[in-house]
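Following: one structure in structure tokens, then a few remarks.
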Amino acid sequence: MDTVTLKIYGDYASQPSRAVLAFCKLNNIPYDFQEVRVGKREHMADEYVQKVNPAMIVPAIIEVDKKTGEEFKLFESHAILRYLARSRKVADHWYPQDLDKRSQVDIYLDWHHTFLRQAIGFHIYKRFFAPIVHGIKSTDDELKFYAVWMKRTLDLMERRLTENKYLCGDEISIADLSAVCELIQGKFLNLDFAKWPKLKEWQDKLIYGNPDMHELHKPMFKFAELSMKKHGQPKL
Ligand SMILES: N[C@@H](CCC(=O)N[C@@H](CS)C(=O)NCC(=O)O)C(=O)O
């Protein structure tokens, strides 16, 4: 794929943006990173909406053909991860050809949006960012829902990691990248892993055990620390 330039539009504070960046870093896929700060509402700017992603979310990619200048645009992190895994020469385990194995990865990727993404991402978003980005504040009762959802979600993930080394088997896949980039956002909640030791072990191995992953998450760690100082320890 040295005939195209890959541009990734994203925010280091955004879990799905980091999953796409992580995949490229771990597979030595060259890219140009264009930072789009959600907290500054840059994802709503006319230029971004008209030229990159009408859905007003990050991440998004544009692949530009070096010869013709033709552009291929894509958004939704899981669609991007699947596309990159299929279009680049990467090891099979990321998104296996074997239909049974691939189905396991697909199950996780679909489940993710309703469960982990809600339990962690939406929880944090509603608590800390929706008031800034959209001017909408949630009540304590609305926020309590997320504690219930989180337990249900993390219990299932813990069970999967008790049975397998990674979420979808004994090899790492794009499901692990999507999941771990979301779970580590739990730093904003000071998430206590006492009930989920396997999950903690898996998270720490993937993030802290890999210099690229650790580096990629440093801006978010700083951001979470600042948020904790500003808002204090959230009641879960
Ligand atoms: N399902 C999408 C989720 C993307 C998403 O929610 N991105 C957030 C940042 S993490 C965003 O751009 N939010 C814009 C907004 O809240 O207006 C994906 O996986 O790419």
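The values are calculated or read from the model by the stated rules, or taken from the named source; none is laboratory data. This structure is a prediction, so every number in the text was calculated from the model and none was measured. In this analysis, Cβ positions are derived from the backbone assuming ideal geometry, glycine residues included, and neighbour counts consider all displayed protein chains. Just the protein is used for accessible areas: all its heavy atoms, side chains included, with ligands, DNA and RNA removed. Shrake-Rupley method; radii C 1.70, N 1.55, O 1.52, S 1.80 Å.
Multiplying the residue separation of Phe72 and Ala147 by 0.36 nm and subtracting their alpha-carbon distance yields 23.0 nm. In the context of the full set of protein chains, residues of region 4-90 present 50 Å² of accessible surface per residue (probe radius 1.4 Å, heavy atoms only). What is the sum of charges around Thr3, taking Lys and Arg as +1, Asp and Glu as -1, for the other residues whose C-beta is under 11 Å from the C-beta of Thr3? Residues near Thr3 contribute -2 overall. Calculate the FRET efficiency for Glu47 and Asp100 from the Cβ-Cβ distance with a Förster distance of 35 Å, rounded to the nearest 0.05. For R0 = 35 Å, the calculated efficiency reads 0.20. Set the Cα radius of gyration of the chain against 2.2 N^0.38 Å, with N its number of residues, and you get 1.01. Expressed to the nearest 5 percent, the antiparallel share of DSSP beta bridges inside the chain is 75 percent.
Size of region 166-236 from its Cα atoms: along the principal axes, largest to smallest, the extents are 40, 28, 16 Å. Of the accessible area of the chain, computed with a 1.4 Å probe over protein heavy atoms only, carbon and sulfur atoms account for 52 percent. Helical content of the chain, expressed as a calculated mean residue ellipticity at 222 nm, amounts to -15500 deg cm²/dmol (DSSP H runs of 4 or more residues, -39,500 (n - 2.57) each, divided by residue number, nearest 500).
Within the full protein context, the accessible area of Thr114 is estimated at about 70 Å² for a probe radius of 1.4 Å. Just how many % of Cα pairs in region 4-90 lie over 16 Å apart, if you round to the nearest whole percent? Summing the P(r) tail past 16 Å for region 4-90 gives 49 percent. Only Cα pairs under 8 Å and 6+ residues apart enter the sum, and on that basis the relative contact order of the chain stands at 21 percent. If only the Cβ of Lys and Arg carry +1 and only the Cβ of Asp and Glu carry -1, the dipole of the chain around its Cα centre is close to 680 debye.
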